[in-house]
Amino acid sequence: MKRVSLFGHGKTTKALTKLYPDAIFYDDKCTQTFIDDDGFEVRPASRFNPEESDIEIPSPGIPPCNELIKKAKNVISEYDCFANNAPLSVWISGTNGKTTTTQMTQYLLKDKGSQEGGNIGTPLAELDINAAMWILETSSFTIHYTNKAAPNIYILLPITPDHLSWHSNMDEYIKAKLKPVAKMREGEVAIIPEAYKDVVTAAHLITYKDENDLALRFGIDTNRVNFKGAFLMDALLAMSVDKILFDRVDYEKINSFVIDPHRQEELRDSKNRLWVNDTKATNLDATIVALKRYKDSHVHLILGGDDKGVDLNELFVFLQNCDVKIYNIGSNKEKLSNLAQEYGIEFELCKNLSDAIVRIDKNLKNDEVALLSPAAASLDEFKSYAHRGDQFKDAVKELK
């Protein structure tokens with residue numbers, strides 16, 4: 001029997017105990033060996049001995065620089081555990097829009113017996129291997145550790161800088177995102193941005209320049225799709241999967257899809273002024289996409305948080321051509337303010353999110369937009385991006 005080590009005592013690895021009932025957990029947060037509520041042994045990471053392990057499966061968020069990964073000799077991913085018995089699988093990756101595209105694809109294909117999972121919240125071990133197909137939101141972290149499994153259809157949204165501290169640099173991040181394409185076989189389909197058209201693969205490769213190009217390739221009339229901005233790309237990719245598998249384009253169904261909160265979520269205050277909760281914009285590209293949506297209005301933009309060491313100059317080059325004033329919050333607010341001065345962008349240095357909302361309230365006119373699109377993660381000051389968004393919405397509701 002294989003000796004299995006699970007790195008990290010989290011949702012993904014806990015689910016894998018269904019496959020490996022004798023597995024042992026190793027966790028950085030554990031200081032003393034204990035038995036968890038399900039009867040599994042959890043050991044401190046320092047106790048891991050590669051000579052006592054045949055397979056190591058990490059929680060996706062554990063980076064390659066972690067000592068557990070460095071010691072391990074037989075690392076595989078959660079996806080690899082199902083390489084031989086998963087149903088038809090659609091993997092969806094990219095920098096922004098993975099979750100919405102996955103949800104839209106599942107919404108369109110649920111009538112065909114699909115199930116959604118992966119990074120979207122449901123571990124693969126909790127999915128039904130007898131389902132007709134799996135729709136999987138797939139992170140670059142998971143792909144990095146995946147060496148056996150490959151999708152039948154791979155959907156790749158545009159790639160922009162993100163998670164560079166985890167992957168060490170942009171080249172490694174792109175390499176991870178393209179890794180599944182190289183493993184795909186003849187008869188399988190990959191839809192990827194045209195920038196990566198030279199990737200070597202046996203699969204049928206479909207590349208796209210933008211939303212219009214993608215719609216043209218699949219015979220989709222964008223005028224009949226209600227979603228705009230970033231959501232249009234998400235919808236078109238989901239519809240493309242439906243077209244590939246079942247040769248159908250269902251405008252009525254895609255238009256009835258309801259987008260989750262926290263992504264370009266619009267709300268009005270007591271004076272009927274527009275506030276937009278885009279707290280899920282945790283990187284530069286997501287914020288740029290949001291700004292493009294409101295390009296015809298003066299925007300009061302709340303920026304800041306944990307930027308994960310990403311070079312922010314690209315954002316400020318873009319801001320130079322926007323009608324915008326920024327309100328800087330979070331752990332990188334001093335950096336943002338220095339860049340605003342350098343690029344000549346009007347700004348205010350705020351104490352926190354609440355302070356920024358108070359300041360915008362004093363300045364916001366009826367034909368302007370107040371936009372929370374931080375271009376940064378939230379864990380410097382909040383429990384999650386959702387916590388940040390909920391605080392934003394609650395504060396807006398209380399404005400008089």
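The values are calculated or read from the model by the stated rules, or taken from the named source; none is laboratory data. Since this is a predicted model, take the numbers as computed values, not measurements. Here the Cβ positions follow ideal geometry from the backbone for every residue, glycine too, while neighbour counts run over all protein chains shown. Accessible surface areas use protein heavy atoms only, side chains included; no ligands, DNA or RNA. Shrake-Rupley method; radii C 1.70, N 1.55, O 1.52, S 1.80 Å.
Cα centroid distance between the range 3-29 and the range 386-400, in Å?
Answer, in whole Å: 38.
Mind putting a number on the dipole of the chain about its Cα centre? Charges go on the C-beta only, +1 for Lys and Arg and -1 for Asp and Glu, and I need it in Debye to the nearest 20.
220 debye
Please turn the phi angles of the range 227-236 into ³J(HN,Hα) values with the Karplus equation 6.51 cos²θ - 1.76 cosθ + 1.60 (θ = phi - 60°), one per residue in order, whole Hz, x for glycine and proline.
6, 10, x, 4, 5, 5, 4, 4, 5, 5
Counting only pairs 8 or more places apart or on different chains, how many lysine pairs in the range 136-293 have C-alpha atoms closer than 15 Å?
9
Using amide H atoms built 1.01 Å from N in the peptide plane, name the residues 5+ places from Leu88, or on other chains, whose amide H lies under 5 Å from its own.
Excluding prolines and chain starts, which carry no amide H, the hits are Trp134.
Which of the trypsin sites (Lys or Arg not before Pro) found in the range 171-231 are loop residues per DSSP with 13 or fewer other Cβ atoms within 10 Å of their Cβ?
Qualifying residues, ordered by number: Arg185, Lys197, Lys209, Lys228.
Which shape class applies to the range 236-316: rounded if a/c is under 1.5, otherwise prolate when a/b exceeds b/c and oblate if not, where a ≥ b ≥ c are the square roots of the Cα gyration tensor eigenvalues?
Oblate.
Round to the nearest 10 and give me the degree value, 0 to 90, for the angle of helix 333-343's Cα axis relative to the longest principal axis of the chain.
Orientation of helix 333-343: about 60 degrees from the principal axis.
Pop out the ³J(HN,Hα) list for the range 280-289 in order, Karplus 6.51 cos²θ - 1.76 cosθ + 1.60 with θ = phi - 60°, rounded to Hz; leave Gly and Pro as x.
Once rounded to whole Hz, the list reads 6, 6, 9, 9, 4, 4, 4, 5, 4, 4.
Quick one: longest stretch of the chain between exposed loop GluC sites (Glu not before Pro), exposed meaning at most 16 other C-beta atoms within 10 Å and loop per DSSP?
Maximal segment without exposed cleavage sites: 1-185.
Out of residues 5 or more away from Leu301 or on other chains, whose amide H comes under 5 Å of its own, with H placed 1.01 Å from N in the peptide plane?
Residues meeting the criterion, in which the H sits 1.01 Å from N, are Lys325, Ile326, Tyr327, Leu371.
With +1 on each Lys and Arg Cβ and -1 on each Asp and Glu Cβ, how big is the dipole of the range 23-139 about its Cα centre, in debye rounded to the nearest 20?
440 debye
So, with a 1.4 angstrom probe, what is the percent of accessible area on the chain that is carbon and sulfur?
That fraction is 46 percent.
How big is the gap, in Å, between the Cα center of the range 240-296 and the Cα center of the range 46-74?
Taking the Cα centre of the range 46-74 as reference, the centre of the range 240-296 is 39 Å away.
Apply the Karplus parameterisation 6.51 cos²θ - 1.76 cosθ + 1.60, with θ equal to phi minus 60°, to every residue of the range 137-151 and state each ³J(HN,Hα) to the nearest whole Hz, in sequence, with x for glycine and proline.
Listing the rounded values in order: 5, 10, 7, 5, 4, 4, 4, 3, 8, 8, 10, 10, 6, 8, x Hz.
Among Pro44, Pro261, Pro21, determine the one that fluctuates most according to a GNM of the chain built with springs between C-alpha atoms less than 10 Å apart.
Per the Cα network of the chain with a 10 Å cutoff, Pro21 tops the list.
Return one whole number: the accessible area per residue of the chain in Å², for a 1.4 Å probe.
On a per-residue basis, the chain sits at 45 Å².
Write out the trypsin sites (Lys or Arg not before Pro) in the range 292-331 meeting two conditions: DSSP loop, and at most 16 other Cβ atoms within 10 Å of their Cβ.
Lys295, Lys308
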